[in-house]
Amino acid sequence: MSGAEGTDSMVIVGASLAGAKTAQALREDGWDGPIELVGAEHDLPYERPPLSKGYLQGKEERDKVFVHESGAWYVENQVGLRLGRTAVAVDRERHLVRLDDGTELPYGKLLLATGSSPRRLDIPGGDAKNLCYFRTIEDSQRTRDQLIPGSRLTIVGAGWIGLEVAAAAREKDVEVTVLEAAEQPLLRALGPEVGARFADLHRAHDVDLRLAVGVDSFTLQDVDGVEQATRVRLADGTELEADHILVAVGAAPNFGLAEAAGLEVSNGIVVDATLRTSDPDVFAAGDVASAWHPFYEEAIRVEHWANALNQPKVAAASMMGVTDLKYDRLPYFFTDQYDLGMEYVGHIPSSGYDQVAFRGDPDSGAYMAFWLAGGKVLAGMNVNVWDVVDEVRSLILGRAAVDLGRLQNAAVPLAEVAAAA
């Protein structure tokens, strides 16, 4: 398929995993017209999981995080890579994207893969220059440099990023305190039953995990003429001294560009199952996309690697005019903390779940957990149990009530549980 100059150009805003993979999918699917990939960061597009896992731990080198090993791929595939540039406006009527340097890029189809940004704490001292947030490769490098044995790290937030950084820090013999407003870590993602298992894990590795606590402010001190946060003041008046402070209280989707352009937004950029927005020539993928999911029959927004990796194939096809390819993969994510390796597949819909079933003994360090509603499996998690994700998917996609006793009995193969449902 050929593209002519001007309005036949494919423009991708967001030089992320989703953005780079969409450019790749366009070329693989036969698009030989112009492609422009715009990214605010100066680095080549990279994957984010290593930033809080292997790269942070010093187990992976920097050059292993990039989607394509070098800039040569973009040159060879004639992808116009505009790094260090921010899209400031979309003119849908004229089919133009305006960049911060005044450049106007015409598009025939536009993909928004603008990702998300760390949420900030709007409290006294929250604007201190030395507070660390965690999103970019530079953030990971700064945190990695701070993991000095014997130093004190305070982490605000016990979500995935906070706990993965805590695990990496403890492996470097850093003293770690984690502060969480909820009753358990990972409460929104896993619920109290499984969140408690992660609390036990971190306390077993000498993390000072404080739950149901509020952070009131950061105490500032003049350090070489610059005000820096050196203590965390809790809502009960307790003050904690820290050498470094990381704020990891979640992320917000970057939908400002889409909203200003008049596109429909609601917890992200609203798209249908083909990843098309309310404008037929504009699409969205990755963290920022609130996508209608055919299986769950509701819009979901997933901030995980697998989503950014797999949505581009659908986005590229839709941009090229395919109308019947829908993104219906079940959400998947993984984490590595200490000697724990975990995979999770599925999604808890807005209607929630009514029970959690464990398969195997959680105290053994190798087990599975299932979230159910009406006897049907909604999601499953395997901890140090491998090669079972396909079976868990089958349980979920079957939409049938399962025999709870057989599900919890590790001696009964999951395939048999699914077949009998």
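The values are calculated or read from the model by the stated rules, or taken from the named source; none is laboratory data. Please read these numbers as outputs of a predicted model, since none were measured by experiment. Cβ: placed from backbone, ideal geometry, glycine included. Neighbour counts: every protein chain shown. The area values use the complete protein model at the heavy-atom level, side chains included, leaving out ligands, DNA and RNA. Shrake-Rupley method; radii C 1.70, N 1.55, O 1.52, S 1.80 Å.
The helix-based estimate of mean residue ellipticity at 222 nm for the chain, built from -39,500 (n - 2.57) per DSSP H run of four or more residues and divided by its residue count, is -7000 deg cm²/dmol to the nearest 500. Go ahead and collect, in residue order, the members of region 364-393 whose backbone nitrogen is under 11 Å from a label point 7 Å along the Cα-Cβ direction of GLN355. Backbone N within reach: 372-376. Rounded if a/c is under 1.5, else prolate if a/b beats b/c, else oblate: with a ≥ b ≥ c from the C-alpha gyration tensor eigenvalues square-rooted, which is region 1-135? Judged from the Cα gyration tensor, region 1-135 comes out oblate (a/c at least 1.5, b/c at or above a/b). Positive-end ranking of GLY225, LEU395, ILE35 along the dipole of the chain, with charges on Cβ about the Cα centre, is headed by LEU395.
Across the chain, Cα pairs under 8 Å and at least six residues apart give a relative contact order of 13 percent. Amide H contacts of ALA251 (H built 1.01 Å from N, in plane; Pro and chain starts excluded): ARG119 sit under 5 Å, all sequence-distant by 5 or more or on other chains.
Under 1.5 on a/c is rounded, so check that first for the chain, then, if it is not, pick prolate when a/b is larger than b/c and oblate when it is not; a ≥ b ≥ c are the square roots of the alpha carbon gyration tensor eigenvalues. Oblate shape, in that a/c is at least 1.5 and b/c is the bigger or equal ratio.
Of all the options LEU275, LEU147, LEU111, the one that moves most in a Gaussian network model of the chain with Cα springs shorter than 10 angstrom is LEU147. Residues whose amide H comes within less than 5 Å of that of ALA373, counting only those at least five positions distant or on another chain, are ASP354, LEU378 (H built at 1.01 Å from N in the peptide plane). Protein heavy-atom surface of the chain, 1.4 angstrom probe: 47% of the accessible area is carbon and sulfur, with nucleic acids and ligands not counted. If R0 is 35 Å, the Cβ-Cβ spacing of THR323 and ALA420 corresponds to a FRET efficiency of close to 0.40. Placing dummy labels 7 Å off each Cα toward the beta-carbon, the span from ASP173 to ASP222 is 3.6 nm. The slack between ASN409 and GLU60, meaning 0.36 nm per residue of separation minus the straight C-alpha distance, is 121.9 nm. Here the dipole of the chain is about 480 debye; that uses its Cα centre as origin and unit charges on the Cβ of Lys and Arg (positive) and Asp and Glu (negative).
Hey, how many Å between the Cα centroid of region 372-407 and the Cα centroid of region 105-130? Going from one Cα centre to the other spans 36 Å. Measuring between their Cα centroids, region 17-92 and region 144-220 lie 31 Å from each other. The modelled label-to-label distance between ASP200 and SER151, using points 7 Å beyond Cα along the C-beta direction, is 3.3 nm. Largest to smallest in accessible area, the residues LYS172, LYS64, LYS53, LYS109 fall in the order LYS64, LYS172, LYS109, LYS53 (1.4 Å probe, all protein chains included). Relative to one another, the C-alpha centroids of region 331-370 and region 249-287 are positioned 29 Å apart. Per residue, the accessible area of the chain comes to 43 Å² when a 1.4 Å probe rolls over the protein heavy atoms.
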